[in-house]
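The values are calculated or read from the model by the stated rules, or taken from the named source; none is laboratory data. The shown structure was predicted, so the numbers you read here are calculated from the model rather than taken from an experiment. Cβ atoms come from the backbone with ideal geometry, glycine included; neighbour counts cover every protein chain shown. Only protein heavy atoms, including side chains, enter the accessible area calculation; ligands, DNA and RNA are left aside. Shrake-Rupley method; radii C 1.70, N 1.55, O 1.52, S 1.80 Å.
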Amino acid sequence: MRSRQPSPEPTYAGQDLSFYVTTPIFYGNGDPHLGHAYSTMAADILARHMRQRGEDVFFLTGTDEHGEPIAQAAEKQGVSPQELVDKSAASFRDMVVRVDATNDFFIRTTDQGHIERVQAVVNKVKENGYVYEGTYEGWYCPRCADFKNENEIGPGDTCLIHEIPLDREQENNWFFKLSAFQEDLERMYEENPGMIRPDFRRNEALAFIRQGLNDVSLSRSQLSWGVPLAWDPEQVMYVWFDALLNYYTALGYANEGEDLTDRYWPASWHIIAKDILKFHTVYWPAFLMAAGIEVPQRIFIHGYLLMGDKKMSKSLGNVLDPFEVIEKFGADALRFYCFREVSFGQDGSISTEGFEGRYESELANDFGNLASRSLAMISRYRDGIQPQAEPDPLLAADFDGITDRVRALFDEAQIGQALEEIWVLVRRLNRYVEESQPWVLAKDEADAERLDQVLYSLAEGLRVLTLLLHPYLPNSTDILLAALGQADLELAAYGSRPGGTQTEKIKPLFPKL
Ligand code: ME8
């Protein structure tokens, strides 16, 4: 867990300055792969940007450690569920560190703090009259840990997602009155269109709700690996309610002796992929309403990373190994590639060739080279001191409003679009070097003033872009900001820093292999 920076003064008015972002909690029965890293990096990019804006950020990730998928995997491997999840949690924690995510807490649903709070919330839901005893009969996918509706069943009673036969289940358990929330949910998404992003995902959620909501099992009787119900310890909580509650329970015990719930709840953004849309847009808000807890502000549903046209998944054996990429090229390169290559919100294909292409042409050439040569020229022609000069109006026109545009895109979690806006200016700055030819200006003393202006403007442009790129490229931008003599991370406008700062030359940020 990282220590929190004291929150600086608000940078602009009218904004709620607490920002709470989450990833899904990943199943503790497997190894992390790029898909998991993807959601983690997305949430981290948002968290880092918001910290730069002076917001009071809390960023949560973790592992989902109860339920049938875990119990089954443990049995298969001949270990206890606890042994399995301990091992898996350690590898997910390691993944989070390796992608350079700055999470404030890592929740495990086997934490005692989580279990107690889950029980308290479920008791409340029962007290409020939304729990009853009944018999479930129907189809169940053990891999999804999901009871399937008619239209979620494939040919031959199979799971549409996992393409495995569904189990016919009949058991007595406790039910959650999901049907009671049909109208409330429908109204909520109609009246607050921004709650689910992108918009086509909101339509999917609405379509699901409008077809009618059945009550769902709240507990399982034939399973012991879970959170026991306080009023009926023979039954454990259905794993999805246990898991979803992590977003809420974590705030209660993440910081010892301090309850962060009032400070951060409701969550600003849940970042998830489309596979778990139903749970997050239907079950989750309904359950919170039933407990009398505020619903999350917004949910961003991203697409799948595909290899070729297939979903990248361990069982299909087609994964771009994030750890290999990080080992060879660094976490910045992986973070950059994923959000540059795939439009955030859509499915998109990734490949080793695509990665290497972008590394070379965009990171090494467009950005790395721009940074090295700009600093090298300031060193050669002005002893490393950014000259005092008026910002070149040629660039001012291009940089005008960039920070506001990026901010507005981040407000919508449009992190790919924001990166594109920034990259347009990276390219612009490269053209500026070519157009203004500082090496020619340096040959004639009569051009000294113009050279001052060009070098000043280059350093300013580079500084602004580096600050904006920081959430994506935290390591290389740290090096670059130090070389530019920029002490703080707050977003800045072109031309806002006077000249006179001592700068340093740098080694290539993205060395070519
Ligand atoms: O569903 N592309 O856990 P999970 C993009 N425990 N993202 C991907 C991906 C891919 N190919 N593969 C996985 C669970 N993901 C539950 C969640 S939350 C209360 C409980 C990411 O380990 C994406 O975020 O199967 C997806 O939603 C999540 O991993 C599923 O992780």
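If R450 meets every condition in (1) in the same structural domain as L363 (by TED's automatic domain parsing); (2) surrounded by 19 or more Cβ atoms within 10 Å (Cβ to Cβ) apart from one, which number is that one?
For R450, the failing item is (2).
Condition test on Y264, is it more than 15 Å from the ligand (Cβ to nearest atom), within 21 Å of M41 (Cα to Cα), in contact with a Ser or Thr (Cβ under 8 Å, 6 or more places away or on another chain) and open to solvent by less than 10 Å² (accessible area, probe 1.4 Å)?
yes
More than 30 Å from Q386 (Cβ to Cβ), within 16 Å of the ligand (Cβ to nearest atom) and not in a helix (DSSP H, G or I), is that true of I276? Before the answer, list the steps.
Working: more than 30 Å from Q386 (Cβ to Cβ): yes; within 16 Å of the ligand (Cβ to nearest atom): yes; not in a helix (DSSP H, G or I): no.
Taking the combined requirement at face value, the residue does not satisfy it.
Among the numbered conditions (1) open to solvent by less than 40 Å² (accessible area, probe 1.4 Å); (2) closer than 17 Å to F147 by Cα, tell me where S221 comes up short.
(1)
For every residue, the table says whether it meets (1) open to solvent by 50 Å² or more (accessible area, probe 1.4 Å); (2) more than 21 Å from A286 (Cα to Cα); (3) touching a helix residue (DSSP H, G or I) at 6+ places or on another chain (Cβ under 8 Å).
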site	(1), (2), (3)
L60	no, yes, yes
E75	yes, yes, no
K87	yes, yes, no
D94	yes, yes, no
N103	no, yes, yes
V122	no, no, yes
G129	no, no, no
F147	no, no, no
G154	no, yes, no
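Checking the condition over 21 Å from A483 (Cβ atoms) and among the hydrophobic types (A, V, I, L, M, F, W, C), which residue from L425, L419, L370 passes?
On the way: L425 fails: over 21 Å from A483 (Cβ atoms); L370 fails: over 21 Å from A483 (Cβ atoms).
When all the criteria are applied, what remains is L419.
When the stretch 312-325 is examined, which residues are found to be surrounded by 18 or more Cβ atoms within 10 Å (Cβ to Cβ) and either at pLDDT 95 or above or within 28 Å of L160 (Cα to Cα) (or both)?
The answer is M312, L320, P322.
Can you tell me which residue among A243, A207, A267 is without any contact (Cβ under 8 Å) to a residue 12 or more places away in the chain and either of a type in the set (A, V, I, L, M, F, W, C) or assigned to a loop (DSSP other than H, G, I, E, B) (or both)?
Matching residue, one of A243, A207, A267: A207.
Please state which one of V406, V424 is within 30 Å of H270 (Cα to Cα) and open to solvent by 50 Å² or more (accessible area, probe 1.4 Å).
Only one candidate passes the filter, namely V424.
Just one of (1) away from the ligand (no atom under 14 Å from the Cβ); (2) assigned to a helix (DSSP H, G or I) trips up W284, so point out which.
Against the list (1) away from the ligand (no atom under 14 Å from the Cβ); (2) assigned to a helix (DSSP H, G or I), W284 comes up short only on (1).
When you go through (1) surrounded by fewer than 22 Cβ atoms within 10 Å (Cβ to Cβ); (2) more than 10 Å from the ligand (Cβ to nearest atom) one by one for P69, which number turns out not to apply?
Of the numbered conditions (1) surrounded by fewer than 22 Cβ atoms within 10 Å (Cβ to Cβ); (2) more than 10 Å from the ligand (Cβ to nearest atom), the odd one out for P69 is (2).
How many residues, within the stretch 380-422, are assigned to a helix (DSSP H, G or I) and more than 30 Å from Q297 (Cα to Cα)?
Of the stretch 380-422, the ones assigned to a helix (DSSP H, G or I) are 380-382, 393-399, 402-411, 415-422.
From what is left, the residues that are more than 30 Å from Q297 (Cα to Cα) are 380-382, 393-399.
Residues flagged as assigned to a helix (DSSP H, G or I) and more than 30 Å from Q297 (Cα to Cα) within the stretch 380-422 amount to 10.
Is it the case that some residue within the stretch 157-164 is over 28 Å from the mean Cα position of the chain (by Cα), in a strand (DSSP E or B) and of a type in the set (A, V, I, L, M)?
No - not one qualifying residue is present in the stretch 157-164.
May I ask you to list pairs of residues, at least six apart or on different chains, whose Cβ atoms are under 8 Å apart, with the first in the stretch 91-113 being in a helix (DSSP H, G or I) and the second being open to solvent by less than 40 Å² (accessible area, probe 1.4 Å) and aliphatic (A, V, I, L, M)?
Matching pairs, first to second residue: M95/A37; R98/I326; R98/A331.
Which of the residues that make up the stretch 212-230 are farther than 19 Å from P69 by Cα and touching a residue at least 40 places away in the same chain (Cβ under 8 Å)?
L213, N214, D215, L229, A230
So, of the residues in the stretch 287-311 that are away from the ligand (no atom under 12 Å from the Cβ) and among the hydrophobic types (A, V, I, L, M, F, W, C), which turns out to be most open to solvent (accessible area, probe 1.4 Å)?
Of the residues in the stretch 287-311, the ones away from the ligand (no atom under 12 Å from the Cβ) are 288-295, 297-298, 308-309.
From what's left, among the hydrophobic types (A, V, I, L, M, F, W, C): 288-291, 293, 295.
Working: L288: 1, M289: 53, A290: 1, A291: 10, I293: 26, V295: 31 Å².
Top of the filtered list is M289.
For the stretch 29-45, name all the residues that are open to solvent by less than 10 Å² (accessible area, probe 1.4 Å), more than 8 Å from the ligand (Cβ to nearest atom) and either assigned to a loop (DSSP other than H, G, I, E, B) or in contact with a helix residue (DSSP H, G or I) (Cβ under 7 Å, 6 or more places away or on another chain) (or both).
Within the stretch 29-45, A37, T40, M41, A42, I45 qualify.
I209 is checked against (1) open to solvent by 30 Å² or more (accessible area, probe 1.4 Å); (2) within 30 Å of the chain's Cα centre (by Cα) and fails just one. What number does that condition carry?
The one condition I209 does not meet is (1).
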